Amino acid sequence: MHHLSLYFHFVKLRIRSQMEYRLSFLFELFAQASISVMDFFMIALLFNRFKQLAGWSLWEVGFLYGIVGICFAVAEMVGRGFDVFQRNVVRGGFDTMLVRPLGTFYQVFAHEFLLRRVGRIAQAVVVLLIANSQLTIPWSFAKVGYLFVTLMSGTCFFIGLFVIGATSCFWTVQSIEIINIFTNGGVFMGSYPFSIYRWWFRHFFTFIIPLACVNYFPSLFLLGKVGSSGVSPIGVQLAPFAGFLFLGITMLFWRWGVLRYQSTGH
Amino acid sequence: MRFLYQASQVYLAFARKSFQKQMQYRVANLAGLITNFFFLLVYVFVYTAFYAVYTGPQPLNLDEVITYFVLCQSFFMLMPFWGARSEITSAIKDGSVALQLTKPVDFQTYWFTDEFGKACYYLLMRGLPTFLISIFFFKVAIPQQPTVLIAFAVSMVLSILMSAAITITIFSSAFWTLDTTGISGISYSIIFLFSGMLVPIALWPEWLAHIARWLPFEGLIDVPFSIYLGKITGINIWIAISKQMAWNLFFVGLGRFLLNRGFSRLVIQGG
């Protein structure tokens, strides 16, 4: 309980400091939304010309896009501390965290909060809502719950990626930018149905980096496409838990990394 | 003449320094190379799937689209999309701009040479490898006529120059806002769309393509690559290149204007 109230206190401080550059903040809020609007606009342009993609309509793809967009943007907002963790290692700032009477994972997590990602979240929510209004999904209580768990789990998945990136700083000091392939690249490739990718690509992003579990499998289930996709129905039911598992594993990795931390001095 | 020679030596030294600075980040460059490839691969998967079901004729065939995206990824780092190029902003934000202003060099030209050094670096270390490796994996069209290659080279140089001019213009807005992530984000999304980075303009609906033709940003990506693919020919090449030149002049002028206005209201931050 104490942790939670402390967390909100940190968040309040972060928001206040971001509001210092108010004009810039508004600009970026708008920029965030406009970048993602362009993103989706381009997908719409392609559908305007080609009509369909591997049996998926524009708004079915919009549904995919909305889910992955929300998960990533929320993860960026709350998991920002891990995203920018490398500067703590470079400047030796992590040393101060080690002497404080709180867990390191918690401290890094509570260290940053990027309010401006609200712009991007809003855009993804709007796409998801429009997609939903264009499709006739037979919503039930269970399906709404399923979607909610999916969104939570997908967010955990992306936070997990940030944690991997941050943990690798213990060895490399500079962050390994390769993780961008999975974060930004993940959103990009997750915006399209997985069936268009080659088998090795698909399998890698299902079993090693479970990106397919973030939005593709859940969308198959919610849009009633499981039968035609050749994916096992049990796998689809379990998919929304992959993100939680992934974050759990990355937390263990983090712990292990902290033990190997060597300060850069200061 | 002698003065000109000396000045060019100074600016060349700046360009060389900027090139060397980039050379420090070898691992980052390798990571970037892999990232370029990853995105290229996804683009190829997506377009292959789109073309697989659509049998009607298209303004560009699949191989041409793939070549287009190979070029996009090869030249990606030379384009003004790259938010990390914010040295101008940080110079204004932390006050080190004051130091730069004491140097007897032209501020805009200085940043141009800085961008030039980077451009050379990314051309050699990012563009060339991406392109060469792609040739092995994808069916990349290579123009046979030397005139097409020359026209492409000229158009590409103009594209890179305009990219630098746009970058400087965007970041000089730091004089007003200090933090340019917002404004560069908005410009980024507009430039990304209207340059044809995500979808070649030839595949756009007529009304939108028409808007793009009136904007400068097609000169960054779509114009040089269309010349490369042989989609712009004859007299149209001259028209396209003249348009690029005109927009170049516009952005250099706009950047100059903004910088001059900025200096007159500059407050040095920090100490």
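The values are calculated or read from the model by the stated rules, or taken from the named source; none is laboratory data. Because the structure is a prediction, the values reported are computed rather than measured. We place every Cβ from the backbone using ideal geometry, glycine too, and count neighbours over all the protein chains shown.
Quick notes on this one:
One line per residue, one yes/no per condition, for (1) of a type in the set (Lys, Arg); (2) more than 28 Å from A:GLY248 (Cα to Cα); (3) within 14 Å of chain B (Cβ to nearest Cβ):
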{"site": "A:LEU53", "(1), (2), (3)": "no, yes, yes"}
{"site": "A:GLY81", "(1), (2), (3)": "no, no, no"}
{"site": "A:GLN107", "(1), (2), (3)": "no, no, no"}
{"site": "A:LEU115", "(1), (2), (3)": "no, no, yes"}
{"site": "A:GLN123", "(1), (2), (3)": "no, yes, yes"}
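- Looking across the range B:216-258, the residues that are loosely packed, with under 14 Cβ neighbours inside 10 Å and within 24 Å of B:ASP106 (Cβ to Cβ) come down to B:ALA246, B:LEU249, B:GLY253, B:PHE257.
- Conditions (1) within 11 Å of chain A (Cβ to nearest Cβ); (2) surrounded by 19 or more Cβ atoms within 10 Å (Cβ to Cβ); (3) not acidic (Asp, Glu); number of the one not met by B:PHE19: (1)
- Test: residue in the range B:78-96 that is aromatic (Phe, Trp, Tyr) and more than 30 Å from B:PHE152 (Cα to Cα): no
- Which listed residue, of A:MET77, A:MET97, A:MET38, is over 24 Å from B:GLY182 (Cα atoms) and in a helix (DSSP H, G or I): A:MET97
- Meets criteria (at pLDDT 80 or above, crowded, with 19+ Cβ neighbours inside 10 Å, more than 14 Å from chain A (Cβ to nearest Cβ) and in a helix (DSSP H, G or I)) for B:PHE38: no
- Any chance B:PHE107 is closer than 30 Å to B:LEU33 by Cβ and aromatic (Phe, Trp, Tyr): no
- Test: residue in the range A:109-119 that is out of contact with any Ser or Thr (no Cβ under 9 Å at 6 or more places or on another chain), touching a residue at least 12 places away in the same chain (Cβ under 8 Å) and surrounded by fewer than 16 Cβ atoms within 10 Å (Cβ to Cβ): yes
- Of residues in the range A:48-66 being part of a helix (DSSP H, G or I) and aliphatic (A, V, I, L, M), the one surrounded by the most Cβ atoms within 10 Å (Cβ to Cβ): A:LEU64
- Residue match in the range B:25-42 (condition: among the aromatic types (Phe, Trp, Tyr) and over 30 Å from B:ALA141 (Cβ atoms)): yes
- Residue among B:PRO80, B:PRO59 that is in a loop (DSSP other than H, G, I, E, B) and either without any contact (Cβ under 8 Å) to a residue 24 or more places away in the chain or within 19 Å of the chain's Cα centre (by Cα) (or both): B:PRO80
- Taking the range B:101-211 as the region of interest, the helices (runs of 4 or more DSSP H) fully inside it that hold 3 or more residues being within 14 Å of another protein chain (Cβ to nearest Cβ), under 29 Å from A:SER24 (Cβ atoms) and of a type in the set (Val, Ile, Thr) are B:181-195.
- For the range A:165-197, residues that are crowded, with 21+ Cβ neighbours inside 10 Å, more than 13 Å from the chain's Cα centre (by Cα) and more than 9 Å from chain B (Cβ to nearest Cβ) total 6.
- Among the conditions (1) facing another protein chain (nearest Cβ under 10 Å); (2) of a type outside the set (Gly, Ala, Ser); (3) buried (at least 17 other Cβ atoms within 10 Å of the Cβ); (4) out of contact with any helix residue (DSSP H, G or I) (no Cβ under 8 Å at 6 or more places or on another chain), the only one that B:GLU64 does not satisfy is (1).
- Of all residue pairs spaced 6 or more apart or on separate chains, those with beta-carbon atoms under 6 Å, a first member in the range A:22-47 that is surrounded by fewer than 18 Cβ atoms within 10 Å (Cβ to Cβ) and a second member that is assigned to a helix (DSSP H, G or I) and at pLDDT below 80 are A:LEU23/B:THR177.
- Just one of the numbered conditions (1) more than 26 Å from A:ILE249 (Cβ to Cβ); (2) crowded, with 16+ Cβ neighbours inside 10 Å is not true of A:LEU13: (2).
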